[in-house]
Each structure stands twice: as C-alpha cells, then as structure tokens.
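Okay, structure first, notes after.
The values are calculated or read from the model by the stated rules, or taken from the named source; none is laboratory data. Fair warning: this is a prediction, and the values are worked out from it, not measured in the lab. Note that we place each Cβ from the backbone using ideal geometry, even for glycine, and neighbour counts take in every protein chain shown.
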Amino acid sequence: MNKGSERPPKFLLSAALDDLAGALQFLTILPLGPAHRFDPRRAMRFFPVAGIVIGSIVSAFDALASLVLPLPVVAALDVALMVLITGALHLDGLADTADGLMGAHDRTRALAIMKDSRVGAMGVVVVAVVLIVKTVGLGAVSHHRGLSLILVPAFARCAMMIAMTVMPYARAEGGTGQAFFHPPARGVDLAAIALPVGLSLFLGWRCVVFLVASGLVTGLMLHFYRRRLGGVTGDLIGALGEVVEAGLWVVLAAGGLS
C-alpha cells in the first residue's frame, strides 16, 4: 500500500481529535491549550463524546469520594465538580432562559432579557432548584451509579446537539451560539449519539426508561422553545442540557431504577 492511500485515515483521525478537542474547549475549562482550527459545526458533532469525557471525570471522582464519604455528600461534590468543569456555562444559560421565558414577555422582550448579563430573581430560583434536584436525585442513585454519571452528561449534550440540528436559530442579530447553525446541520451529524445509546444498554432494562425519559424531556423543551420563540439560542441550548440532566437524575432515582 502506498503512502497516498495511508494518509486519508490518518488525516481523518487527526481531524476527529481536533474536533473533539474543540468541543471540550467550548464546553469545559479543561486545560487543553488554545483552540486550533476550531470549527463550531464540526465540534458540535462531538458534543456527546465530550459529555462522556466530562462524565468519566466525575465518575472517577465519585468512586474515590464514595470510599470515605456518604452518598448524599458525594452527590453534592459531584454536582459542584460538574459546575466547575463546565465553568457554569450551561447554568448561566439556564438563568437567562428562566428570566426571559418564565414571565409574560413577548418574543422581542424575552430575547432582550436573555441577552442582558444581569441575573434576575427567577433565574436564581430556577438555578437553585435544578441544582437541588440534581443533588438529591444523584444522592439516591446506587445501582449503576458510575455508568449513570457518564451517561447523564452525555445525553444532556446529545439533547443540545439535537436542538442545533432540528431547530432554527432565534436571533437575527447573532449571538454566542449562531456559529453552530451555519451551515445547517444534517441528520448524519447526529451519528455520535450512537455511542451513549450503546453504553446505555449496560443499564439493562433500565435503558428503555432512560432513553424514553431523555427523548421526552428533550422533545417537551424544544416544543416549548418553538412555541415561545420559534427557535433556540445559546442560552436555551444550555438550559436544555441542565434540565435534561436534572430530569434524568429524577428518573434514575425513581422507585426500582436506583
């Protein structure tokens, strides 16, 4: 085999690693160095893999902390670590989304509120509630706990990727998330979802409930976004990820699943 036929696979692998690094650089504060050749549309395809990386870090921490601390305390530390790793990026989006959409605001006013860097009372309350739900839900999970810590962040980022694929961008003047929508995503861009779905099979029969819950929460949130704004923004996508995570921890903690 000549060198010309060997190079394309190497280039594909190198490009894939660059795109994964780009996804992690955007979604986390992990010390990966400065972004090189960052392409938002290509990086978006690796959001589920980035979620697996994030979840694996938290899962490893959880396994060590559980040796010396009770599960409720470890759960609180897990949630705090997740916030630290992500730089509270999605919580910021959740707060802005709550301020903009949880009120009698028209579309124009809601978008203006979400663009304001200040956080209102509704945003603070919703962020607090979501963090509490995550902590209590995670604290109640013992069965497949390590795997669940990997899957929940991964499926949250699958939801984000789905939102960027099936929904239009809501702002006409641009914003943080606009670059992820051009050119428009295609169905093939969702291929990475297969990885967390495959891992979820190790949950046994619970994987069916897990997948249905993930799809249901994602679908309801996107329906709400479409009805209120006709599309999504970076804030709405971040809020989606946070709500999906909270919902999945509730499902996993439900009777018979923990």
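Each row is one residue, and each column tells you yes or no for (1) free of Cβ contacts under 8 Å to residues at least 40 places away in the same chain; (2) surrounded by 18 or more Cβ atoms within 10 Å (Cβ to Cβ).
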| position | (1), (2) |
| --- | --- |
| Phe47 | no, yes |
| Ile52 | no, yes |
| Ser56 | no, no |
| Phe61 | yes, no |
| Val68 | yes, no |
| Leu81 | yes, no |
| His90 | no, yes |
| Asp96 | no, yes |
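Out of Val73, Val136, Val125, I need the residue that is at negative phi, at pLDDT 95 or above, of a type outside the set (D, E, K, R) and over 21 Å from the mean Cα position of the chain (by Cα). Which one?
Val73
Report whether or not Leu32 is farther than 25 Å from Gly123 by Cα, modelled with pLDDT of 95 or more and not in a helix (DSSP H, G or I).
The answer is no for Leu32.
Conditions (1) surrounded by 22 or more Cβ atoms within 10 Å (Cβ to Cβ); (2) at pLDDT 95 or above; (3) touching a helix residue (DSSP H, G or I) at 6+ places or on another chain (Cβ under 6 Å); (4) more than 22 Å from Lys134 (Cα to Cα), marked per residue:
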| site | (1), (2), (3), (4) |
| --- | --- |
| Gly187 | no, no, no, yes |
| Ala191 | no, no, no, yes |
| Thr218 | yes, yes, yes, no |
| Gly230 | no, no, no, yes |
| Asp235 | yes, no, yes, no |
| Gly241 | yes, yes, yes, no |
| Gly247 | yes, yes, yes, no |
| Leu252 | yes, no, yes, no |
